[in-house]
Structure formats: structure tokens, C-alpha cells
Amino acid sequence: MTQFEARTLAEAYMFVDLVVGRNKPVDLTALTDLDYVDGNRVLRVNGWHDGEEHDFTIVTPGRTGDTRPGELYGTGREPSLIIDAGQWRAVEDFAASNIAALVQQAAGGPLSPDEVNEIANNVEVAYSALAEIGKFLPDNAVEVPDEAFWSEIGRTIREQQPEAFRRERLVEYEAQYRAMADQINAARG
């Protein structure tokens, strides 16, 4: 059985969504089981999904501590070992499109508390995914290097959106996501 290492449980579940659920959403309750072994959390993925059998585990630390904004999937400066920069861009893009759709649905009217929470969750996902892309960016580099793209989808996204992996975009969008989060927190009171 193949074993992967993730920094957080959120990163482990995101890996399952990206790899197993790439064509069809995953029923995590049917396909996964969470155990504790030797102080670590072990996410077991076993079963059939979308015509393919999956059997692997993802080990995460038992306790990852408190997280700050942008650290949903991993704290510190170390990049993911299981999700590449292009895949993180797909996560960011998906969350950003959800934000745009939710704001458009509101059509300038007042947002319900549930809508505010849904937007806030998507802002946190987009901001955290952007931060994960940034972890692949070496100090003083202008763009994320080629070795940060090892999956087929990651390489495809880099080919299609090379500007998404440049330092200037990462800095600009970090400021935008922070501003959105500040606005949401102010609206919540």
C-alpha cells in the first residue's frame, strides 16, 4: 500500500479530492477512514471511485497547532510534498470562481450570514492555496520553478497560465485576499 505524508488533515483531504476526485466529486465518508496510530493521524483511502480502485494512506501529524490566515493546508515555509504548485492554482481558481458566483448571486443586496460564511470559507481556501504556491517560490526568484510542477494537471495549468506563478501576481493577490478577509471580518462585527 502506498503511503503519503501531508502536513495537515486539510491537505490530506484536498489531495484525495484532487487525485481521486479529479473527474467526479468524492464521497469522503464512503472512501476514507481516519485513525490514530503512534500519535499521528492516518487517513486510509480504500475503495472504488469513478471506475478506479484506490488503496493508499496519508499520514499527518497528530496535532498541527493553531493556524494563521493562509495556513489552512500547511504552516511554515515548507511546500507540500503531495500537491504541486499547479494543483494549488486549480484550488485557488476554483475557490475564487465560487467567490465571484456568490457575490454575483447577491446582486448588490444584503448577504445572509450563511452567504457571508460561504464567501469567507472560499476566501480562506483561495488565500491558503495562493500561499501554498508561494512556498514553491525561492527567495529572490521571479517565478515558481519547473520542478514545482510534477503532476500532469499541474504542468498543464502552468502551460496555460504562466503568469499565475509569478511573484508579482502572488503578492498582488495576497493583498486582495487579505482585504477580502478583513472586509468579511468587519461585516461580521
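The values are calculated or read from the model by the stated rules, or taken from the named source; none is laboratory data. For clarity, every value in this text was computed on a predicted model and none was experimentally measured. So basically every Cβ, Gly included, is an ideal-geometry build from the backbone, and we count neighbours across all protein chains shown.
Only one entry of 71, 92 meets the criterion of being acidic (Asp, Glu), out of contact with any Lys or Arg (no Cβ under 7 Å at 6 or more places or on another chain), surrounded by 20 or more Cβ atoms within 10 Å (Cβ to Cβ) and in a loop (DSSP other than H, G, I, E, B), and that entry is 71. Could you grab me the full set of residues in the stretch 144-189 that are touching a residue at least 24 places away in the same chain (Cβ under 8 Å), among the charged types (D, E, K, R) and closer than 18 Å to residue 83 by Cα? Hits for the stretch 144-189 are 155, 158.
Given the criteria over 17 Å from residue 80 (Cβ atoms), without any contact (Cβ under 8 Å) to a residue 40 or more places away in the chain and not in a loop (DSSP other than H, G, I, E, B), does residue 117 qualify?
Numbers: over 17 Å from residue 80 (Cβ atoms): yes; without any contact (Cβ under 8 Å) to a residue 40 or more places away in the chain: yes; not in a loop (DSSP other than H, G, I, E, B): yes.
Spelling it out, residue 117 is indeed over 17 Å from residue 80 (Cβ atoms), without any contact (Cβ under 8 Å) to a residue 40 or more places away in the chain and not in a loop (DSSP other than H, G, I, E, B).
Exactly one residue out of 165, 149 is outside the structural domain of residue 11 (by TED's automatic domain parsing), in contact with an Asp or Glu (Cβ under 6 Å, 6 or more places away or on another chain), within 21 Å of residue 22 (Cα to Cα) and not β-branched (Val, Ile, Thr), and it is 149.
Just checking, does the stretch 35-42 include any residue being in contact with a Gly (Cβ under 6 Å, 6 or more places away or on another chain), part of a helix (DSSP H, G or I) and not assigned by TED's automatic domain parsing to the domain that holds residue 144? Checked the stretch 35-42: no residue is in contact with a Gly (Cβ under 6 Å, 6 or more places away or on another chain), part of a helix (DSSP H, G or I) and not assigned by TED's automatic domain parsing to the domain that holds residue 144.
Only one of these is over 24 Å from residue 165 (Cβ atoms), in a loop (DSSP other than H, G, I, E, B) and of a type in the set (D, E, K, R): 63, 77. Name it. Working first, answer last.
Numbers: 77 fails: over 24 Å from residue 165 (Cβ atoms).
It is 63.
Taken over the stretch 1-48, residues that are under 16 Å from the mean Cα position of the chain (by Cα), over 20 Å from residue 63 (Cβ atoms) and among the charged types (D, E, K, R) amount to 2.
The set of residues in the stretch 149-182 being surrounded by 14 or more Cβ atoms within 10 Å (Cβ to Cβ) and either charged (D, E, K, R) or more than 17 Å from residue 136 (Cα to Cα) (or both) consists of 155, 158, 166, 167, 169, 174, 176, 177, 178, 180, 181.
Taken as a whole, the structure leaves residue 131 outside the set of residues that are free of Cβ contacts under 8 Å to residues at least 40 places away in the same chain and either touching a helix residue (DSSP H, G or I) at 6+ places or on another chain (Cβ under 8 Å) or outside the structural domain of residue 156 (by TED's automatic domain parsing) (or both).
Please work out if residue 47 is more than 20 Å from residue 81 (Cα to Cα), in contact with a helix residue (DSSP H, G or I) (Cβ under 6 Å, 6 or more places away or on another chain) and not hydrophobic (A, V, I, L, M, F, W, C). Can you show your working first?
On the way: more than 20 Å from residue 81 (Cα to Cα): yes; in contact with a helix residue (DSSP H, G or I) (Cβ under 6 Å, 6 or more places away or on another chain): yes; not hydrophobic (A, V, I, L, M, F, W, C): yes.
Yes, satisfied.
Selection of the stretch 43-58 for residues being buried (at least 16 other Cβ atoms within 10 Å of the Cβ) and either touching a Lys or Arg at 6+ places or on another chain (Cβ under 9 Å) or polar (S, T, N, Q) (or both) yields 49, 56, 57, 58.
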